[in-house]
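Taking it in order: structure first as structure tokens, then the write-up.
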Amino acid sequence: MQNSPAVDGQANLSVEHLEHVHNPALLHHFADAQQQKNAASLGMWLFLVTEIMFFGGMFCAYLIYRLAHFNAFAAGSQQLSIKLGAFNTAVLIISSVTVVLAVKAAEAGKRKLLVSYLVVTVLLGLTFLVVKGFEYREKFEKHHVPGSTFNFTDTFDDNGQKIPVNSKEAELFFSIYFVMTGMHALHMIIGCGLFTGLAILAWKGRYSPAYFTPIENGGLYWHLVDIIWIYLFPLLYLISRHS
Amino acid sequence: MSEHQAHEAHEEHTTHSQGFYLLIGAILLVLTATTVGAAFVNLGPFNPVVALLIATIKALLVVLFFMHVKGASEKLTGVVVLSGFFFLAILLALSLADYLTRSWR
């Protein structure tokens, strides 16, 4: 996006220096650095809106099928581990905090602190993926993965009352579960790769208080993926539980 | 480089203090614990309502403070964010207006 050769050389310039000479990170078609920053942020948000619509389609499918096959969806949901789901939610929230602190460190020009926060963020992201992997393994062991080996004999526990459900309808729940959490996990994997790259570039001194747009926009992406999980967790794990 | 100098480099300073971010993070964790606790209480049809209400409060905190939409120097950003959720609302509302009214068949 902004990897012009001019950007590479600017990292070690001091702030005072930048105020007197032309900022090398500033592209010629922008009036000033603030306008350039606003444009980059706006472009990132437009991309995030397309992401909201992408996941929105899946949330819509979930909603329609849940209303049509309520008992099977509730029975499937009760098979998920709230403990692991809540743990992963907390991991993602903490990672969002380290991301904003990374942006703050970049704004203050604290290179080592910035790299530390980025690395911690990647580690938290990997923690999320490992826990998700264990959840998926349990689904394989229980034959709850849609396909020829799918087998669902559990009932919907409606506050003590056991209601048998159609296995095909439960398979629908697990299809939606795997597609939604799988797409979310793919976004997490991309996010971990992105933040590893940012950490390497930050270590090399690419970012300064005058230019840290990739850190800010990477952060926006990370927060959006966090928000999607904030909705996935109650919808998939929580709302059919009770007693 | 001191913080003071960093501030001068920007005409508009968008980030908050570290304590503020930790506070928002703590609120988000408390809300997560609340929503897990609420899942084990039978509220009848209000279980999904409570869960989604808490999720929306959490999402709002993240969008406004972590993604710096509140206090953004560019007002257009807020409009773009709102338009995203507006079109999502259209998608969900019109789809349900169809599927929920098919019972006459």
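Computed from the coordinates by the stated procedures, all read-outs in this text should not be read as laboratory data. Please read these numbers as outputs of a predicted model, since none were measured by experiment. No Cβ is skipped: glycine too gets one built from the backbone with ideal geometry, and neighbour counts run over all protein chains shown.
For chain A, what D do you get in µm² per second when you plug the Kirkwood radius from alpha-carbon pairs into Stokes-Einstein at 10 °C and 1.306 mPa s? Present the calculation step by step, with values, prior to reporting the outcome.
Values: Rh = 20.2 Å.
Reported coefficient: 79 µm²/s.
Kindly rank B:57-68, A:180-191, A:96-107 from highest to lowest mean number of other beta carbons found within 10 Å of each residue. All intermediate terms of the calculation are to be shown ahead of the outcome.
On the way: B:57-68: 20.6, A:180-191: 17.3, A:96-107: 25.3.
Descending packing order for the listed peptides: A:96-107, B:57-68, A:180-191.
Once phi is turned into ³J(HN,Hα) by the Karplus curve 6.51 cos²θ - 1.76 cosθ + 1.60 with θ = phi - 60°, what whole-Hz value does each residue of the stretch B:63-75 show in order, with x for glycine and proline?
Running phi through 6.51 cos²θ - 1.76 cosθ + 1.60 with θ = phi - 60° gives 5, 6, 9, 6, 8, 6, 6, 6, x, 5, 6, 9, 5 Hz.
Per residue of chain A, what 222 nm ellipticity follows from adding -39500 (n - 2.57) for every DSSP H run with n ≥ 4, rounded to the nearest 500?
Working: 8 runs with 168 residues, N = 243.
Using -39500 (n - 2.57) per qualifying helix, the result is -24000 deg cm²/dmol.
Full-extension gain between A:F134 and A:A39, please, as 0.36 nm times their residue separation minus the C-alpha to C-alpha distance. Write down the numbers at each step before the final one.
Numbers: separation 95, 0.36 × 95 = 34.20 nm, distance 4.10 nm.
Length difference between fully extended and current span is 30.1 nm.
Averaged over B:59-69, how many beta carbons belonging to a partner chain fall within 10 Å of each residue's beta carbon?
Values: counts 7, 1, 4, 8, 5, 0, 2, 12, 15, 7, 3.
Taking all residues of B:59-69 together, the mean is 6.
What number, in nm² with one decimal, is the all-direction average of the projected area of the convex hull of the alpha-carbon atoms of the stretch A:73-199?
On the way: hull surface 34.8 nm².
Value for the stretch A:73-199: 8.7 nm².
Taking the 0 to 90 degree range and rounding to the nearest ten, how far is the long axis of helix A:167-203 tilted relative to the main principal axis of chain A, both from C-alpha atoms?
Compared with the principal axis, the helix lies near 20 degrees.
In nm, what is the difference between 0.36 nm times the number of residues separating A:D32 and A:K112 and their Cα-Cα distance?
Details: separation 80, 0.36 × 80 = 28.80 nm, distance 2.78 nm.
So the extension gain works out to 26.0 nm.
In nm, give the distance between the simple-model label positions of A:T50 and A:V179, each being 7 Å from the Cα along the Cα-to-Cβ direction.
The two pseudo-label positions are separated by 2.0 nm.
Using 7 Å Cα-to-Cβ label points, what is the B:L91/A:T149 separation (nm, one decimal)?
Output for this residue pair reads 3.3 nm.
Mind listing the phi-derived Karplus ³J(HN,Hα) values for the stretch A:146-151, rounded to whole Hz, using 6.51, -1.76 and 1.60 with θ = phi - 60°, and x for any glycine or proline?
Along the stretch A:146-151, the couplings run x, x, 5, 8, 4, 8 Hz.
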